[in-house]
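Colleague: Structure incoming, see below.
The values are calculated or read from the model by the stated rules, or taken from the named source; none is laboratory data. Predicted, not measured: the structure shown is a model, and the values here were computed from it. Cβ: placed from backbone, ideal geometry, glycine included. Neighbour counts: every protein chain shown. In case anyone asks, the SASA skips ligands and DNA or RNA and just uses the protein heavy atoms, side chains included. Shrake-Rupley method; radii C 1.70, N 1.55, O 1.52, S 1.80 Å.
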Amino acid sequence: MAGYKPRVMSLTKRPGHTFGFYLRAEHAEEGHLIRCLEMGGPAELAGMKDGDRILRVNGTFVDGLSHSEVVDMVRNSGPSVTFHILDEASYVQVKAQGVNLSDPQSTPVANCVVGQALKPKLCYLVKSSSGYGFSLRSVNGEQGLFMTEVIQGSVASRAGVNAKDRLLEINGENVENSTHDQVVVKIKQAGSSIMFLLVDEETDRHYKSKHMKIGAWLATTKHLPHKPLIADITKGSDGYGFILKELKNQTGHFIKDIDRGSPAEKAGLKDMDRLVAVDGQEVDYCTHEQVVEKIRLSGNKCCLLVVDRDTDQMYKQGGVSPMLFLEEIKDSNSPPSYTEAINLPAPGQVKKEDLKPKLCKMERTSAGYGFHLNGIQGVSGQYIKEVVMGGAADSAGLEDDDIVVEVNGVNVEHSSHEEVVAMIRSSGSSLEMLVAEKRVYDQLKAKGVTITRLLLRETSYAQVHTAATPEEEDRYDLVARPETPTEPARERTTSALSQDSVDERF
């Protein structure tokens with residue numbers, strides 16, 4: 001096909017975030033489709049469009065690979081990945097014409113990022129009696145300021161600073177457009193310690209060639225002197241052996257009252273450590289009750305990310321989260337375990353994070369919400385059926401057999417079918433439903449867990465839905481689900497056809 005040319009896009013995600021799209025395989029559609037773009041996410045900002053097809057991942061041709069193989073390739077790329085993309089119309093046309101998309105002459109692979117991604121670096125300097133041991137210079141015709149005269153063995157040298165590094169940030173503040181004098185003033189005002197975000201020549205050229213903004217969310221933490229603690233703890237007969245507290249005039253969740261000889265002490269926890277994450281999930285913006293619930297739901301084992309006072313102060317001074325450290329550690333141990341839009345569990349594996357309800361928010365269209373609400377005569381509970389593909393409910397993440405827990409914040413597990421229908425109809429043009437897959441619902445109930453919004457992980461696509469949910473996609477629940485048993489007395493039909501079952505179309 002003359003004039004056919006894929007687009008090359010490099011995406012980078014921040015720690016704890018996703019690339020901002022779903023990778024989907026659809027019935028009767030060829031290729032690996034881009035769906036459900038997150039507004040303002042890396043994919044949308046890079047120019048991806050709904051229906052685009054992925055041809056290559058980091059230079060490797062993937063059009064003939066399975067969905068799960070492509071998901072694994074993206075997942076194993078870490079925080080940065082490069083795609084070759086073809087728009088939907090061009091893809092359909094070249095397929096119809098029999099064009100060989102794997103031909104390197106048809107699909108150029110220049111500018112691909114293969115292997116370890118280049119990263120800027122965070123460098124933390126504590127001034128000595130002889131100063132920091134570096135100078136700054138500007139270059140005519142080049143943007144920014146550069147490190148020079150880095151003294152061997154000096155504070156700067158030991159912190160990872162090298163000559164010709166370009167200075168991007170001082171204590172979390174971007175200084176790329178600041179003058180030499182302004183930067184000197186900022187350094188002097190910083191006091192006895194300072195955090196730099198720097199980029200070396202090779203890394204700088206790479207990101208400029210991709211027209212990508214460089215920020216601290218991309219940085220390596222390997223040069224930083226203070227490290228967060230990743231504590232894997234197994235509960236003992238008396239629990240984990242610590243108390244989680246909120247303190248007046250201090251933001252965060254703190255470890256206190258550690259029992260001597262307890263699992264917490266053996267794992268290295270110290271009094272007044274600040275808890276950053278539970279099982280890889282950041283808790284800075286969670287309530288005390290939500291954090292306690294996360295630890296409780298971990299069962300007999302949990303993994304805590306904590307920082308002591310010095311480490312906490314260092315990260316805060318740089319304006320970055322200690323999650324950056326955890327992200328880097330996970331990326332170095334393939335495959336990563338983070339919850340993200342491009343991430344599959346191992347076949348047959350159900351992750352702890354899988355036991356989550358879903359908060360589905362939708363706006364009514366001219367065709368309604370696009371689902372049936374079903375109930376079985378004499379049996380408590382309402383469930384979702386006949387979700388219309390492409391409808392409001394489908395776009396919001398509702399799926400057949402989801403159990404309805406709340407409607408607009410009100411628990412309806414013991415409400416009658418008519419009561420729930422009335423609540424939905426009275427909600428007006430928008431509707432919010434807390435639901436759980438039948439498998440998730442049954443397991444949580446078996447554990448005695450009350451299903452509430454406290455179980456939601458607000459940053460996860462798998463929990464809070466405002467965009468379409470694919471038929472086959474990279475989500476926690478991509479595991480075999482037992483089909484609902486078919487029983488004559490529980491045949492699910494419309495209420496107009498049977499007295500044994502009731503449902504309602506929305």
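Colleague: Return the residues of the stretch 1-41 that are farther than 26 Å from residue 64 by Cβ and of a type outside the set (A, V, I, L, M, F, W, C); say none if nothing qualifies.
Modeller: Start the filter on the stretch 1-41 by keeping residues that are farther than 26 Å from residue 64 by Cβ, which leaves 12-17, 38-41.
Within the stretch 1-41, 12, 13, 14, 15, 16, 17, 38, 40, 41 meet the criteria.
Colleague: In addition: Pick from the stretch 118-134 the residues that are part of a strand (DSSP E or B) and of a type outside the set (Lys, Arg): which of them is most open to solvent (accessible area, probe 1.4 Å)?
Modeller: For the stretch 118-134, the residue satisfying everything is 126.
Each row is one residue, and each column tells you yes or no for (1) closer than 30 Å to residue 27 by Cα; (2) in contact with a helix residue (DSSP H, G or I) (Cβ under 6 Å, 6 or more places away or on another chain).
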position	(1), (2)
401	yes, yes
413	no, no
416	no, no
427	no, no
439	yes, no
445	no, no
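Colleague: Can residue 38 be described as open to solvent by 30 Å² or more (accessible area, probe 1.4 Å), in a loop (DSSP other than H, G, I, E, B) and in contact with a helix residue (DSSP H, G or I) (Cβ under 8 Å, 6 or more places away or on another chain)?
Modeller: yes
Colleague: Oh, and also: If you go through the stretch 62-104, how many residues are touching a Leu at 6+ places or on another chain (Cβ under 8 Å), modelled with pLDDT of 85 or more and assigned to a loop (DSSP other than H, G, I, E, B)?
Modeller: Counting residues in the stretch 62-104 that are touching a Leu at 6+ places or on another chain (Cβ under 8 Å), modelled with pLDDT of 85 or more and assigned to a loop (DSSP other than H, G, I, E, B) gives 2.
Colleague: Give the residue, chosen from 446, 436, 396, that is over 28 Å from residue 288 (Cα atoms) and hydrophobic (A, V, I, L, M, F, W, C).
Modeller: After applying the criteria, what remains is 396.
Colleague: Are there any pairs with C-beta distances below 6 angstrom linking a residue in the stretch 270-296 that is closer than 15 Å to residue 325 by Cα and open to solvent by 50 Å² or more (accessible area, probe 1.4 Å) to a residue that is at pLDDT 90 or above and polar (S, T, N, Q), with the two at least 6 apart or on different chains, and if so which?
Modeller: none
Colleague: Which of the residues belonging to the stretch 215-263 are of a type in the set (Gly, Ala, Ser) and under 28 Å from the mean Cα position of the chain (by Cα)?
Modeller: If the condition is that a residue be of a type in the set (Gly, Ala, Ser) and under 28 Å from the mean Cα position of the chain (by Cα), then 215, 216, 219, 231, 252 are the ones that fit.
Colleague: Now for a separate question. Considering only the stretch 50-61, state which residues are at pLDDT below 90 and touching a helix residue (DSSP H, G or I) at 6+ places or on another chain (Cβ under 9 Å).
Modeller: 50, 51, 57, 58, 60
Colleague: Quickly run through the stretch 400-424 and pick out the residues that are at pLDDT 85 or above, charged (D, E, K, R) and either more than 30 Å from residue 22 (Cβ to Cβ) or buried (at least 21 other Cβ atoms within 10 Å of the Cβ) (or both).
Modeller: Residues satisfying the conditions are 402, 419.
Colleague: So which residues in the stretch 142-155 are more than 34 Å from the chain's Cα centre (by Cα) and under 18 Å from residue 199 (Cβ atoms), if there are any at all? Steps first, please.
Modeller: Step one: list which residues in the stretch 142-155 are more than 34 Å from the chain's Cα centre (by Cα), which gives 142, 147-155.
Those that are more than 34 Å from the chain's Cα centre (by Cα) and under 18 Å from residue 199 (Cβ atoms): 142, 147, 148, 150.
Yes or no, residue by residue, for (1) at pLDDT 50 or above; (2) charged (D, E, K, R); (3) closer than 27 Å to residue 226 by Cβ:
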position	(1), (2), (3)
317	yes, no, yes
327	yes, yes, yes
336	no, no, yes
342	no, no, no
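Colleague: With the requirement that a residue be in contact with a Ser or Thr (Cβ under 9 Å, 6 or more places away or on another chain), crowded, with 20+ Cβ neighbours inside 10 Å and part of a loop (DSSP other than H, G, I, E, B), what does the stretch 41-58 give you?
Modeller: Within the stretch 41-58, 58 is the sole residue that qualifies.
Colleague: Could you please give the count of residues in the stretch 205-234 that are of a type outside the set (A, V, I, L, M) and at pLDDT below 90?
Modeller: The initial filter retains those residues of the stretch 205-234 that are of a type outside the set (A, V, I, L, M), namely 205-211, 213, 215, 217, 220-223, 225-228, 232, 234.
Restricting the remaining residues to those that are at pLDDT below 90 gives 205-211, 213, 215, 217.
Count: 10.
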